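In what follows, a structure is listed as structure tokens, so that the remarks can point back to it.
The values are calculated or read from the model by the stated rules, or taken from the named source; none is laboratory data. Values in this document were obtained by computation on a predicted structure and should not be read as measured data. Positions of Cβ are generated from backbone atoms using ideal geometry, with glycine treated the same way; all protein chains shown enter the neighbour counts. What goes into the accessible areas is simple: the full protein's heavy atoms, side chains included, and nothing from ligands, DNA or RNA. Shrake-Rupley method; radii C 1.70, N 1.55, O 1.52, S 1.80 Å.
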Amino acid sequence: MSFVTHLECANCGQEYEAGKPHALCTSCQRPLWVRYDLDVVKQHFTRKKLVGRPPTIWRYLELLPVADPSNIVSLTETITPILQVPVLAKRFGMKHLLVKDESRLPTGSFKARGMAMAITMCKEFGITKVAAPSAGNAGGAMALYAARAGMESWVFMPEDTPAINRRECALAGAHTYEVNGLIDDCGKIVAAGEKEKGWFNLSTLKEPYRIEGKKTMGLELAEQFDWQLPDVILYPTGGGTGLIGMWKAFAELEAIGLLKGKKPRMIACQSSGCAPIVTAFEHGNRFAKRFDNAATVASGLRVPAAVGDFMIIDAVKESDGLAMSCPEEEIPRLMREAVQAEGISICPETAVCLGVLERLLDEGKISDRDKVLIFNTGAVQKYSEAMEASLPKLNLNDSIDWSAI
Ligand SMILES: Cc1ncc(COP(=O)(O)O)c(C=O)c1O
Ligand SMILES: [Zn+2]
């Protein structure tokens, strides 16, 4: 039994019945929220109850949509560590800088959270064929969780998606296609395949349960901080599920009386190569225009039009946060400097957050005394194209020139 009461359109408020598969709102084509009976959750979900539960996302079961835990499809979605980054903090002139390292999750990125939940719900509803567009890690996560669940999957990826992302999908047995377009073009193919082939569409925010999986980032963070959240969270924003999900988690925890103190300011970080949310935010708009000629090495952020744009902007505004971009050309430097400073597997999307952090401090938008947490959403090893490729060679037929080493 879950505590879900109903689903509700995030835009027009139309309600939908729980316990059934859903897509976008049928009236306005916008995403749905999963709603819980928080009064009842409050009685069942207490700090004491968490003691002794396994350290995975499933420990928050009362705030998750799964009705029958035997349907859970899991590769062990472990609680991810929060690392101190003293060298980077010093470089930025800050007192408290932390990184929550999502690269430890199955499939090497935080996408495991959303896909573990979405595939679990598909299993609960008896769905056996799933499809998604992906410009990065979501495709791999879907393919691997679908394999784990014994489902058939289809992935459509822009042809410039990192090779590892394309290959991990194929390796997991997903029907994987390279498309000469962007992620929204791939999304149109998936939408057409719903009718043509009977696929269930797992596109970002087009079904409501990936958010519930991503929500565990917020639940987990709160528990790790003993229910007192940091001042500022920097999050690399593409489709926005993570930021939206975390904000939902904080609201739910607040409603059940678990949070102490203030909620954090949420900073949506994008690259100047694809910054539709930043542009909308700067113009005071709630809905974003499609970003033309989107191009960034931070492939997970190459989302020129996000169906949940208004949900991202609402969360940012409610939190007294902001949306900001980092110059695209800075990403390789920021990534290299961070990995070299701390030895953490910082992905290009997270390097974008570091660029935004520089700007936030320079422009006085945050204080150097704020407790700031950055999400490292994936493992840099998945981005071989974004890493230095030309290495000096040693020829074993020659003697080694030690003066050059
Ligand atoms: C590593 C990484 N970071 C961030 C994002 C953006 O995620 P979201 O859709 O939650 O905004 C993605 C999406 O593919 C990603 O792969
Ligand atoms: Zn609606």
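The condition of being open to solvent by less than 30 Å² (accessible area, probe 1.4 Å) and away from ligand 2 (no atom under 16 Å from the Cβ) holds for only one of L75, L64, that being L64. For segment 238-260, the condition holds for at least one residue, the condition being that it is open to solvent by 10 Å² or more (accessible area, probe 1.4 Å), assigned to a loop (DSSP other than H, G, I, E, B) and under 18 Å from D314 (Cβ atoms).
Restricting attention to segment 362-405, the residues that are open to solvent by 100 Å² or more (accessible area, probe 1.4 Å) and either small (G, A, S) or in contact (Cβ under 8 Å) with a residue 60 or more places away in the chain (or both) add up to 5. The condition of being surrounded by 22 or more Cβ atoms within 10 Å (Cβ to Cβ) and closer than 28 Å to G273 by Cα holds for only one of A146, A116, A141, A163, that being A141. Residues of segment 19-39 that are open to solvent by less than 30 Å² (accessible area, probe 1.4 Å) and either free of Cβ contacts under 8 Å to residues at least 40 places away in the same chain or away from ligand 2 (no atom under 14 Å from the Cβ) (or both): C25, V34, Y36.
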